[in-house]
Amino acid sequence: MVHLREDPHRVLILGAGQGGSAMLNMLLNEDLVEVVGIADRRPDAPAILLAKENDISTYHDIDNALKECMPCVAFNLTGNEMVCFFRSSRPAPGDPSAETAGPWGCPLVDCR
């Protein structure tokens, strides 16, 4: 017998253009996933508007989105490789500089 998780996986979508919109549409009715936020610097990006219609938190700053949505899995749909560089340059949890450097602990899936 297969046992499914009762608590859905928390997902943050980074990028609210075509890719972010497709991902959000795919996950909206998925019982095993809860989209907890979407981030894009453009306030009128298509998936930002769709997220607002579905009471999903929206962010215009990746650092803030990661901090507010943890714990989660973040999907990079920005098309910007610097998002991955930004995340990989952060100190590890427990590192003394971690308190001032920003959010971490959120796995990042690069979907460029």
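The values are calculated or read from the model by the stated rules, or taken from the named source; none is laboratory data. Small disclaimer: the values here were computed from a predicted structure and weren't measured. With ideal geometry, Cβ positions are generated from the backbone for all residues, glycine too; neighbour counts draw on all protein chains shown.
Look through region 1-25, keep the residues that are of a type in the set (A, V, I, L, M) and in a loop (DSSP other than H, G, I, E, B), and return whichever of them is modelled with the highest pLDDT.
Among residues in region 1-25 that are of a type in the set (A, V, I, L, M) and in a loop (DSSP other than H, G, I, E, B), the one modelled with the highest pLDDT is 16.
For region 15-67, what are the residues that are in contact (Cβ under 8 Å) with a residue 24 or more places away in the chain, acidic (Asp, Glu) and either in contact with a helix residue (DSSP H, G or I) (Cβ under 8 Å, 6 or more places away or on another chain) or closer than 18 Å to residue 81 by Cα (or both)?
Within region 15-67, 40, 63 meet the criteria.
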